Structures are given as C-alpha cells and as structure tokens.
Amino acid sequence: MSMKKRATGIIVEYNPLHNGHLYHLKETKKIAPNDCIIAIMSGNFVQRGMPSIIDKWTKTKYALESGIDLVIELPTPFVLQSAETFARTAIHHLNLMKVHQIVYGSESLVKPTLSELDHSKLKLGHSYAKSKNIHLLQSNEILGAYYEKFSEIYQIKTHRILRTNKYHDLNIDSPISSASAIRNAYNQNIPFQHATSIPLNKLSTYHLEDYYPLIRYSILAEREKINQYLLVDEGIENLLIKLAYKHDNVNDFLESAVSKRYTRSRIQRTLMHILLKTPRDLELPDEIRVLGMNQMGRAYLNQIKKETKIVSFKNYQLKDYEDKATFIYGLPYQKENQLLKLEVGPPIII
C-alpha cells in the first residue's frame, strides 16, 4: 500500500514572480523535499488594491513552470481586504487542502506577534491597522503574524525563511529585488530583467491608472448607493465622491484621500470594491477552485477528493463575482472576452 502524499502550502501574489520568489520556493523544497507544494494565489487583483500586473492564468503558468505543483485561487473579494482577512482566507483554504505546514518569507526568524489594539490611537483618528501595530511591524511582518495566528487555530506548522529584500523597496540594483521595484522599473523603462525571468515587455500588462475612468464613473454614477459595497463605511463615501469630482488623475485622487485614518492600500481596496460592486455579505467558501497543476498536483487532488470539495468554475460558489471581476479586469484593454474564455475553461495542466 502506497504512502499518502503530504502537502506544504505557500501564500503568493506573484505580481510578478521574481528571483526572491524562486528562492522562497527553493527553500520550501529543502524543508519539504517530498511534499506536494501548493500555492494559494491572488488572481487578477492583489491585496494592496490594484490590478495584478499580469493576469492570473499567465501567473499560474509561470508558477507551475517554476516548480509549484498545484495553484489554487484565493477568491478576489477576500484578496482585496486587510492583512487579517487575507491571511485568514489563505490559511482556511490551505487547511481545506490538508497541508500540514506552511512556509513564508519574513524579515526575521523570530515569530512575529500581534499587539493589542491601542484605543488612544483610534481616538486620535488613526486607522484600525495602525492602532493595532504598536510594535511598528512591516506590512510583510503583519501578514506573517496573522499567518501564525490562523495556522495555530488549524494546527498547521509554520516555517519562516529570511526575506532577501525589503517588501516594498524600489531599489532595482540587486538580482533579488522586490515586486514593487520590478513594476516601478518596468513602468519607467529601467532594466529589470536581472531580477525576474518574466518577460513583462512581451506580455499584456495591467495598471491602476487605466481603471480610473471606470472607478470615477462608478463613484459618481452610483453616489447614492456606493455605501452598500464592502469597505465603504464610516462616511468614506463622502470623501470619495468629493475627490472623484475634483480629480481626473488617480494619483492626485489617492494623494488627496490618504490620511492618518486611511492608508493608500485601504483607499485602493475600497475603490476596487466600488468598481467590482462587492456586496458586504459574501461568505467565505468551503470549496477550492484550482487554477493549475502538474502531475504531482493532480495525484494529490485525487488523494484528497473525498475530503475536500474541489469545484469547476461552473459550480463555483463565487462564479458570478469572479466572472465580473475578470470582465472588468480586461475592460480597459479590450481583453475582457479573451480573459473570460480562460476564466470558464479548465485549469492549466503541465
């Protein structure tokens, strides 16, 4: 009787996949040389409230070619959320996939911990996130702290590997540079190919500024009801309506909107939910949507299929939402029909 295959999980955005991610994967395989490596990945939109620079199917293809065995989707409405919700969703899905451990990059090998909410900061008008971060953790460390919290709930073991760059550092000199640095270099026509093998110059790329006309129209055309959408609360709709009238450039809009109460990422996520018309009452699905796999990934799915609900797109609980998100993602570039064909199709198999 053959031994059951075990699985290790990683949580990724690959925006885009770069040399630091390859290092993460290499170290993960050292920790779990015989495991099926499962990546739960954000799709066409990413956690900071932006469109992914390349589409989810292109990201999946490169992930599999780089050595990931199985790529599953982190549902879009739960991607565009706080670090806590993003992490809770990722670990929930990896638990459904029966992983026994996760591996994530960290600024330190010391286990990151969350602090108690500082109510005095809240009273001074600071955001909830800043009021809870009295230890001044970096954004990646905050995610790590939540990975630890939710992994403990599910009794999933955690491993930390030292990050080889700063999370949002824009320095592109090193072969291991951040995704932010690579995107910034690409946008400014600065060489970046030493930091990633992804040929961005030959691919269709997607950028926040190209969605601003759609965002602006959504705010102004629906100004009476945008407060029905996720994250549009605390009267923020009044600020967004005012700024949508005033600014015809997304960067000017964001600079005017950011304050000690609202971070840039929080504003961007809110704009995405208005654009995507995300309802407040979406439930976290207890099912898995597979984006791609290799033969080991396929064998592992077959092993867990009686315990875990693996669904095709047509049976997916969030089908209508992901369909809409894909349509809007492609709209500024007239690629919506091309992307929708991929959305309703089968997973990528290599």
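Values in this text are rule-based calculations from the coordinates and carry no lab data. These numbers were taken from a predicted model, which means no experiment stands behind them. All Cβ positions, even for glycine, are placed from backbone atoms using ideal geometry, and neighbour counts span all protein chains on display.
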Anchor LYS246: aspartates and glutamates whose Cα lies under 13 Å away (excluding residues fewer than 8 positions away in-chain): GLU255
Once both axes come from the Cα atoms, what is the angle between helix 83-96 and the longest principal axis of the chain, in degrees from 0 to 90, rounded to 10? 30 degrees
Just to confirm the filter: which GluC sites (Glu not before Pro) across the range 173-230 are DSSP coil and have at most 12 other Cβ within 10 angstrom of their Cβ? GLU224
hull vol. (C-alpha, convex hull) per residue for the range 208-276, Å³ -> 75 Å³
With 38 Å as the cut-off, how large is the P(r) tail for the chain, expressed as percent of Cα-Cα pairs? 13 percent
Estimated [θ] at 222 nm from DSSP helical runs (n ≥ 4, -39500 (n - 2.57)) normalised by residues in the chain, nearest 500: -12000 deg cm²/dmol
Percent of beta bridges antiparallel (DSSP, the chain, rounded to nearest 5): 20 percent
In straight Cα distance, which aspartates and glutamates are under 13 Å from LYS30, not counting same-chain residues fewer than 8 positions off? none
Past 22 Å, Cα to Cα, is the threshold; run LYS277/LYS309; LYS98/LYS324; LYS5/LYS305 against it and keep the listed order. LYS277/LYS309; LYS98/LYS324
Tally Lys and Arg at +1 and Asp and Glu at -1 over the other residues with C-beta under 14 Å from the C-beta of ILE310: what net charge comes out? +3
